[in-house]
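Structure, as structure tokens:
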Amino acid sequence: MPLTVVQKIIGKHLAKGKMIPGEEIIIKIDQTLTQDATGTMVYLQLEALGVNKIKTKKSVAYIDHNTLQSGPENADDHLYIRTVAKKYGIYFSRPGNGICHQVHLERFTIPGWTLLGSDSHTPTAGGIGMLAIGAGGVDVAVAMAQGEYHFTMPKIVRVNLIGKLNPWVSAKDIILELLKRVSVKGGVGKIFEYAGEGVKNLSIPQRATITNMGAELGATTSIFPSDEITFNFLKAQKREKDFFEIKADDGAIYDEEIEINLSQLEPLAACPHSPDKVVPVSSLKGLKVNQVVIGSCTNSSYGDLVRVARILEDKTIAEHVSLAIAPGSKQVLAMLAQNGALATLIMSGARILECACGPCIGMGQSPPTNGVSLRTFNRNFKGRSGTISAKVYLVSPEVAAVSALTGFLTDPREFQLKDYTEIEMPKTFLTNDNMIIAPVNNYEEVEVVRGPNIKPFPLGKPLLPKIQGKVLIKAGDNITTDHIMPSPAKLLPYRSNIPYLSDYCLTLCDENFPKRAKANKGGFIVGGANYGQGSSREHAALVPLYLGIKAVLAKSFARIHQANLVNNGIIPLIFKNPEDYNNVKEMDEFLIEDVPSQVKKGIIKVKNITKNREYEMLLNSTLRQKEIIIQGGLLNLTRLKENTKE
């Protein structure tokens, strides 16, 4: 039977189950990655599992999110991660080495292998032909401990790319076009596999831009075939031994197919406050810009920034524009310095930031009040930039650079620049892994150092026969994990301190939510469609758990957040009749009886005592996930099974 790229990789790694969409499968995990915003919690959970050493082929811990050290908290977390990584045989990428996805693409990705990461943009590695999936922290901890990952087999969507991009149109415009067509929830339960003649015209960093923002579709992951372009990239990284060709067989059958004619695309922009509010840049002509930020794991590669340098060469940015540029890795920054592009960027008036996530995660460079910020990032959720009133537009590096010069959102095709020239990928990249600390042989002797900011994480408890409480908040559609657990610069240093973070939970929706939750000793959250979209941050489940949230009722859930709720013992329930959502009011009293039995059935009746109504809710979970909920979380279930073995 002809196979897709996805089926070939999953088939090779399949430990249990069948590759039938909707069925639970278990795959072997070759690699994992973590970053510091989620990593501290991952390694606390790994320690709680009681293993001596990880079972993956390679795991890497990155420091790239919380790199500003205005107090001891971030530095303490970094020290903890460095020592715990050494204790368990995990590679450690030091602060300043770069963004996890960019560095992993350069130095660790292997076509045909599997990667699980505690960051929603882990699918970036799909640009090189790796099956890379973003997941919650406890899933990654269990994968390191057991070498496996449980998930529901997605549908496979073939994205057929035909034609070739015109000058000033980029890979960013390809994924923005797909977001415009599919929406931020249109990829849930799907993997996007790219194919067609247009693929051969895209470099690995361009492919990685597309797979990176596949996370914004809600997709499980996205992937490109591994071909000659893949080989040339790995060879330039001095890693040709890692190359493995993998492509779909002729006649492979897909669940869905989408075609994009690259030659018909034009520069696009995602308008505030969602990555799928996509319009042509030309339709926004005349929009005054206050800030431009170029970087993030989406568009901070060598090719991206050389293009920006060529646009800015011998020019000066508009006087009312603040331009900041964050190279994606030490490798990129060093090569820009070597070829003179860095000097060009600096002379234009750009501010050069550290090789880190920085502004993308809200760590610095917040726009002015009511300001317009153009960013080459992957998300523009309201308030994520650190300024609630700011309007953030997502654009390509080309659009960003030209607009920084004009001071207005500008279609680069209309600007008088030197003739457009293709950016050729280097024959050889600068490779120096001196900022990556390899595991040691005497790991048993390593002492793990914990700072005072690292607090114990909450553990769910086995289900009680009855759950009762009030609806503490009723939220709308597309509530993001940024809404549920905000992460501006002032809160990121406390990602290992759940009690501290609890005072900020859902405050972007209702500033009184934490007080109400504590006063009522927990209760229920009600949300609309696509609840929990965005980041993989497990804190959006851990903090509600700490506040006593027993269940979340919504019209639908984003994949990773739904899994995070389950993994922490919170029941994610979907309205069987969406109209019932309209009947619910804040502070209604809910009651669920015979809870464990109903969870096993997957259909749960929720009584609204206040209104004397009953809602039928669906628990769209696998048998294993239902067992996780009953036991109060994945850690509880994993330890229970380990103890049973003994």
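The values are calculated or read from the model by the stated rules, or taken from the named source; none is laboratory data. It should be emphasised that the depicted structure is a prediction, and the values quoted were computed from it without experimental measurement. Here the Cβ is made from the backbone with ideal geometry for all residues, glycine too, and neighbour counts use every protein chain on show.
A single entry from Pro493, Pro486, Pro456 fulfils the requirement of being outside the structural domain of Thr230 (by TED's automatic domain parsing), of a type outside the set (S, T, N, Q) and surrounded by fewer than 16 Cβ atoms within 10 Å (Cβ to Cβ): Pro456.
For the subset of segment 595-625 comprising residues that are under 30 Å from Val51 (Cβ atoms) and either among the β-branched types (Val, Ile, Thr) or surrounded by fewer than 20 Cβ atoms within 10 Å (Cβ to Cβ) (or both), which member is farthest from the chain's Cα centre (by Cα)? Per the stated criteria, the residue is Pro596. The test for being closer than 17 Å to Leu115 by Cβ and either in contact (Cβ under 8 Å) with a residue 60 or more places away in the chain or in contact with a Gly (Cβ under 6 Å, 6 or more places away or on another chain) (or both) holds for Thr221.
Leu542 meets all of the listed conditions (1) in contact (Cβ under 8 Å) with a residue 40 or more places away in the chain; (2) surrounded by fewer than 24 Cβ atoms within 10 Å (Cβ to Cβ); (3) closer than 24 Å to Ser118 by Cα but one, namely (2).
For segment 242-265, indicate whether the set of residues that are in contact with a Leu (Cβ under 9 Å, 6 or more places away or on another chain), in a loop (DSSP other than H, G, I, E, B) and of a type in the set (Asp, Glu) is non-empty. Checking segment 242-265: at least one residue is in contact with a Leu (Cβ under 9 Å, 6 or more places away or on another chain), in a loop (DSSP other than H, G, I, E, B) and of a type in the set (Asp, Glu). For segment 272-297, filtering for residues that are in a loop (DSSP other than H, G, I, E, B), in contact with an Asp or Glu (Cβ under 9 Å, 6 or more places away or on another chain) and buried (at least 24 other Cβ atoms within 10 Å of the Cβ) leaves 3. Quick one: is Leu79 under 21 Å from the mean Cα position of the chain (by Cα) and on the phi < 0 side of the Ramachandran plot? The answer is no for Leu79.
Taking (1) over 15 Å from the mean Cα position of the chain (by Cα); (2) buried (at least 24 other Cβ atoms within 10 Å of the Cβ); (3) part of a strand (DSSP E or B) in turn, Asn74 satisfies each apart from (3). Scoring Pro123 on the criteria (1) touching a helix residue (DSSP H, G or I) at 6+ places or on another chain (Cβ under 6 Å); (2) surrounded by fewer than 22 Cβ atoms within 10 Å (Cβ to Cβ); (3) assigned to a helix (DSSP H, G or I); (4) not charged (D, E, K, R) leaves a single failure, condition (2).
Test Lys235 against the stated conditions and say whether it is farther than 18 Å from Ser120 by Cα and free of Cβ contacts under 8 Å to residues at least 60 places away in the same chain.
Details: farther than 18 Å from Ser120 by Cα: yes; free of Cβ contacts under 8 Å to residues at least 60 places away in the same chain: yes.
Criteria met by Lys235.
Among what's in segment 1-36 and is part of a loop (DSSP other than H, G, I, E, B) and charged (D, E, K, R), pick the residue that is nearest to Ile498 (Cα to Cα). By that ranking, first place goes to Asp30. The sole residue among Thr507, Thr428 that is in contact (Cβ under 8 Å) with a residue 40 or more places away in the chain and among the polar types (S, T, N, Q) is Thr428. One residue stands out among those in segment 37-69 that are of a type outside the set (Gly, Ala, Ser) and assigned to a strand (DSSP E or B): the one that is farthest from Pro452 (Cα to Cα), which is Lys58. Here is the figure for segment 400-443: residues that are of a type in the set (Val, Ile, Thr), modelled with pLDDT of 95 or more, closer than 16 Å to Leu312 by Cβ and under 30 Å from the mean Cα position of the chain (by Cα) total 2.
Just checking, does segment 19-33 include any residue being on the phi > 0 side of the Ramachandran plot and out of contact with any helix residue (DSSP H, G or I) (no Cβ under 6 Å at 6 or more places or on another chain)?
Yes: segment 19-33 contains one or more residues that are on the phi > 0 side of the Ramachandran plot and out of contact with any helix residue (DSSP H, G or I) (no Cβ under 6 Å at 6 or more places or on another chain).
Consider Asp477 carefully, then state whether it is in a helix (DSSP H, G or I), closer than 28 Å to His539 by Cα and of a type outside the set (Phe, Trp, Tyr). Criteria not met by Asp477.
Is one or more of the residues making up segment 311-322 closer than 29 Å to Leu492 by Cβ, buried (at least 18 other Cβ atoms within 10 Å of the Cβ) and among the polar types (S, T, N, Q)? Yes; the residues of segment 311-322 include at least one that is closer than 29 Å to Leu492 by Cβ, buried (at least 18 other Cβ atoms within 10 Å of the Cβ) and among the polar types (S, T, N, Q).
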